[in-house]
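J.: Could you have a look at this structure, given as structure tokens, before my questions?
The values are calculated or read from the model by the stated rules, or taken from the named source; none is laboratory data. Everything numeric in this text was worked out from a predicted model, so none of it was measured. Methodologically, a virtual Cβ is constructed for each residue, glycine included, from the backbone with ideal geometry; neighbour enumeration extends over all protein chains shown. SASA here: full protein model, heavy atoms, side chains in, ligands and nucleic acids out. Shrake-Rupley method; radii C 1.70, N 1.55, O 1.52, S 1.80 Å.
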Amino acid sequence: MIAVAETIGLPAALVAGASSGIGAAVARRLAARGHAVALVGRREAELNEVAESIRTGGGTALPLALDLAEPGAPAEAVAATAAALGPVGVLVCSAGAIRLAAIHETEERHWERQVRVNLTVPFLLAREVLPGMRERRHGWIVNIGSGVGSEVVPGSGGYGVSKHAVERLTELVHEENRDLGIRAVTVAPGWVATRLAARPAELGVPEDEVLDAEDIADTVAWLLDRPARMSVGPLVRVEPTASRAAAGDAMTRHLTRARAEGAGPIAKESR
């Protein structure tokens, strides 16, 4: 199968966590730019909906229903993409798991799940695509981090630690490969209106002060449009203008509210 992107000189893209939110928005934007896009995630029905929206717009999409946290799944995703669409030239890791709790309240299995999804999966995917990118001397690796990864937010637990660590992972990939035409960037959003985040109304913040998934997709597209001579990042923070919608402040108020209501650890996953 010859991907549409190959015919116009754009490489195939793989988006992890593409069934909803930021991942879905990024996948649609990449397809609109002319990339053939592999959509990877656990929720098959939602992946198919995103794929169909891309095809309706004239793009090429390959939905791959996989749990990337399972052994061997990242390698399977990259191999399936290469077989159907061509070598992966753009990798976007947007899969995420979050369970907000103080360190002493965090169970080992929850810690390990967040580290696996938020850090180890991006590492494994990068390890799979980098040899080909290095051989072709071109490629993009974009990890979707979090503003919380750059701040110390009490209660952010394994989520904050893993998002901070993925910034260092990206820096290493960048430094080890920058002279081979490969660029790696962590896009670290502040408060984005997705299913992983608190609802703005719950914290007294107007909806229009919070970022949406399209803002992050715009940022990724902007990065990919930079000339080869330009390096941006490897950390790019994208925050709402309003200080009350900043990532750390919003998470702190979200946790305070949950504790006041007697709620336990806050757990969500987007893959």
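J.: Looking at the stretch 226-241, is at least one residue under 20 Å from the mean Cα position of the chain (by Cα), modelled with pLDDT of 95 or more, more than 26 Å from Ile103 (Cα to Cα) and assigned to a helix (DSSP H, G or I)?
T.: Looking through the stretch 226-241, none of the residues is under 20 Å from the mean Cα position of the chain (by Cα), modelled with pLDDT of 95 or more, more than 26 Å from Ile103 (Cα to Cα) and assigned to a helix (DSSP H, G or I).
J.: Out of everything in the stretch 1-16 that is in contact with a strand residue (DSSP E or B) (Cβ under 6 Å, 6 or more places away or on another chain) and part of a loop (DSSP other than H, G, I, E, B), what residue ends up being modelled with the lowest pLDDT?
T.: Ala3
J.: Let me ask you something else. Can you say whether Gly149 is without any contact (Cβ under 8 Å) to a residue 40 or more places away in the chain and open to solvent by less than 10 Å² (accessible area, probe 1.4 Å), as far as the supplied structure shows?
T.: Judged against the criteria, Gly149 is a match.
J.: If Ala188 meets every condition in (1) within 16 Å of the chain's Cα centre (by Cα); (2) in a helix (DSSP H, G or I); (3) small (Gly, Ala, Ser) apart from one, which number is that one?
T.: Answer for Ala188: the failing condition is (2).
J.: For the stretch 128-139, give me the residue count where each residue is in contact (Cβ under 8 Å) with a residue 12 or more places away in the chain and either out of contact with any Leu (no Cβ under 6 Å at 6 or more places or on another chain) or in a loop (DSSP other than H, G, I, E, B) (or both).
T.: Counting residues in the stretch 128-139 that are in contact (Cβ under 8 Å) with a residue 12 or more places away in the chain and either out of contact with any Leu (no Cβ under 6 Å at 6 or more places or on another chain) or in a loop (DSSP other than H, G, I, E, B) (or both) gives 8.
J.: Give all pairs with beta carbons closer than 9 Å in which a residue from the stretch 169-193 that is under 22 Å from Val26 (Cα atoms) meets a residue that is acidic (Asp, Glu) and not in a helix (DSSP H, G or I); count only pairs at least 6 apart in sequence or on separate chains.
T.: Ala188/Glu239; Pro189/Glu239; Gly190/Glu239; Trp191/Glu239; Val192/Asp212; Ala193/Asp212
J.: Only one of Ala95, Ala25 is under 17 Å from Val166 (Cα atoms) and touching a residue at least 40 places away in the same chain (Cβ under 8 Å). Can you tell me which? First the steps, then the outcome.
T.: On the way: Ala25 fails: under 17 Å from Val166 (Cα atoms).
Being under 17 Å from Val166 (Cα atoms) and touching a residue at least 40 places away in the same chain (Cβ under 8 Å) holds for just one of Ala95, Ala25, which is Ala95.
J.: For the stretch 32-44, does any single residue satisfy the condition of being under 27 Å from Pro189 (Cα atoms), outside any loop (DSSP other than H, G, I, E, B), in contact with a Pro (Cβ under 7 Å, 6 or more places away or on another chain) and in contact (Cβ under 8 Å) with a residue 60 or more places away in the chain?
T.: There is no residue in the stretch 32-44 that is under 27 Å from Pro189 (Cα atoms), outside any loop (DSSP other than H, G, I, E, B), in contact with a Pro (Cβ under 7 Å, 6 or more places away or on another chain) and in contact (Cβ under 8 Å) with a residue 60 or more places away in the chain.
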